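These notes concern the structure reproduced below.
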Amino acid sequence: MKRKFLSGMLAAALLFVGSFSAGAMGAEEVSVPNKQLPALQQSPAGEYATVLEMQAKSGMESVMTVKTDRYDRLVVRFSNTLLMDTKTGAPVSETDIAAGDKVFVYYADYVMETEPPQTDAVAVLVNLEDGHAPARLLTAEAIQHPTEEDGSVTILTDNGGLLLTVQKDTDIRPLGTKNIVSADDIHMGTRFFAWYDQVALSEPGQAAATRIVIPAQQGSRFAIVVEGDMVLPLDGRVEQGILMIPVRAAAEALGYTVVWNSENESISLKKGERETLLVLGKDRYAADIRMSAVTALGAAPYEVDGVSWAPAEFFSLLGEPVTLRAGELHLGTVGNNQLPAPN
């Protein structure tokens, strides 16, 4: 099926949300979406490798040559590459890697057919444990927050192929910072490392994480597809590990009436009997204005150049199907293995 690109009135709606100055929120706190961001990468290739040569260059891009099952010689460049000790979950330095080391390399989904082939390293894991799988680098595609007393969180990941359970007592830590993190810091779009050895043979597979490490989140962009074949003219953005999408464009494509209120800097969304309200600068979301219960989604709505942005999970809260697959966000289309809306 050919996809339609929304235009006309919808494109115009992208350009105007209402008269609002971003300065009221503090312009320094607003992240301006960057059209030059790389595309969202959900499942980088991963291979065991033996280091043939390591060229760690201070202040310059380091280069490592490895041998894998797939390549006799593969050159991987270090650029914003995550380096981690897989036994401890602690960061390591490029100078800690030497020829002869056994490592696990996550690299980009492109390999240049040079001689030898070249690619970019997304992550390199060192100090591998015998008898244990290396940490998996994953992206959260949907979150089921706890409804039971055990406080466990279920994460759909691996392009819908894995349901990962994070228990209340699971070891969760950051990579390279002293920040305190928890399962509440994992949102749709957050990338993280997960340790688990066994996966239940179900559809999707199921596993329980023994440890989670959350690295610094890199910004990226993704296409937004509505009702299966309509592509919004403006990409979404991953900001601090959270999928942010243009509110008016997405809502109107899903059949909502959208009204901007300049007096209280809020956006009203109405569809049928349901009406909800977004307030710029407030990380407080509810499925209906008549509900007293509110949910924090990790980021407040904000406005830049006439376009208001909010987490994609907000639409899941409204009961709309929201699916993240292969670097695209699908709205209004029920995807396979989709989790229920957050509570």
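Using a 1.4 angstrom probe on heavy atoms only, work out the carbon and sulfur share of the accessible area of the range 211-339 in %.
On the way: 2220 of 4810 Å².
About 46 percent, which is the carbon plus sulfur part of the accessible surface.
Which one of 306, 286, 251 has its Cα pushed farthest toward the positive end of the charge dipole of the range 212-343, where Lys and Arg give +1 and Asp and Glu give -1 at the Cβ?
286
Working out 0.36 nm times the residue gap between residue 127 and residue 179, then minus their Cα-Cα distance, what length gain in nm do you get to one decimal?
Values: separation 52, 0.36 × 52 = 18.72 nm, distance 2.39 nm.
Extending this stretch completely gives an extra 16.3 nm.
Can you list which of the trypsin sites (Lys or Arg not before Pro) found in the range 46-153 are DSSP loop residues with at most 15 other C-beta atoms within 10 Å?
On the way: sites: 57, 67, 70, 73, 77, 87, 102, 136; in loops: 57, 70, 73, 87.
Qualifying residues, ordered by number: 57, 70, 73, 87.
Once both labels are modelled 7 Å past Cα along the beta-carbon direction, what's the residue 85-residue 60 spacing in nm?
Inter-label distance under the simple model: 2.9 nm.
If R0 is 25 Å, what FRET efficiency do you get for residue 271 and residue 37 from their C-beta distance, rounded to 0.05?
On the way: r = 31 Å, r/R0 = 1.22.
The formula returns an efficiency of 0.25 here.
Cross-link candidates for residue 87: which aspartates and glutamates have Cα within less than 12 Å, leaving aside residues fewer than 8 places away along the same chain?
In chain and number order, the partners are 129, 130.
Counting only protein chains, not ligands or nucleic acids, how are 107, 48 ordered by accessible area (probe 1.4 Å), most first? Before the final figure, lay out each step's value.
Values: 107 5, 48 125 Å².
Correct descending sequence by accessible area is 48, 107.
Could you order 53, 303 so the one with the most accessible surface comes first? Probe is 1.4 Å. Walk me through the numbers before you get to the answer.
Numbers: 53 80, 303 10 Å².
Largest accessible area first, the residues go 53, 303.
What's the extension gain from residue 202 to residue 50 if we count 0.36 nm per residue and subtract their Cα-Cα distance?
Details: separation 152, 0.36 × 152 = 54.72 nm, distance 3.30 nm.
Net length gain for the segment: 51.4 nm.
For a 32 Å ceiling on Cα separation, which of these pairs sit above it: 67/178; 168/282; 57/178? Numbers along the way, then the final one.
On the way: 67/178 35 Å; 168/282 27 Å; 57/178 27 Å.
Beyond 32 Å between Cα atoms: 67/178.
Can you tell me the order of 178-184, 121-127, 231-237 when each peptide is scored by its average per-residue count of other Cβ atoms within 10 angstrom, highest first?
Details: 178-184: 12.6, 121-127: 21.6, 231-237: 20.0.
Put in order of decreasing packing, that is 121-127, 231-237, 178-184.
Excluding ligands, DNA and RNA, what is the solvent-accessible area per residue of the range 183-316 at a probe of 1.4 Å, expressed in Å²?
Details: 5310 Å² over 134 residues.
I get 40 Å² per residue for this part.
Rounded to the nearest 20 Debye, what is the dipole magnitude of the range 171-278 about its Cα centre when Lys and Arg each give +1 and Asp and Glu each give -1 at the C-beta?
Numbers: 10 positive and 14 negative charges, 64 e Å.
My answer is approximately 300 debye.
Please give the contour-minus-distance gain from residue 169 to residue 328: 0.36 nm per residue of separation, less the Cα-Cα distance, rounded to one decimal in nm.
Details: separation 159, 0.36 × 159 = 57.24 nm, distance 3.22 nm.
Full-extension gain reported as 54.0 nm.
For the range 119-163, what is the accessible area per residue in Å², given a 1.4 Å probe and the full set of protein chains?
Heavy-atom accessible area per residue stands at 37 Å².
Return an integer: the convex hull volume of the alpha-carbon atoms of the range 173-307, in Å³ per residue.
174 Å³
How high is the relative contact order of the range 144-188, given as a whole-number percent (alpha carbon pairs under 8 Å, six or more residues apart)? Provide the component values of the computation, followed by the final result.
Numbers: 44 pairs, mean separation 11.0, N = 45.
It comes to 24 percent, rounded to a whole number.
The values are calculated or read from the model by the stated rules, or taken from the named source; none is laboratory data. All figures in this text were calculated on a predicted structure; none of them were measured in a lab. FYI the Cβ positions are ideal-geometry reconstructions off the backbone, even for glycines, and counts take in every protein chain you see. With ligands, DNA and RNA removed, areas are computed over all heavy atoms of the protein, side chains included. Shrake-Rupley method; radii C 1.70, N 1.55, O 1.52, S 1.80 Å.
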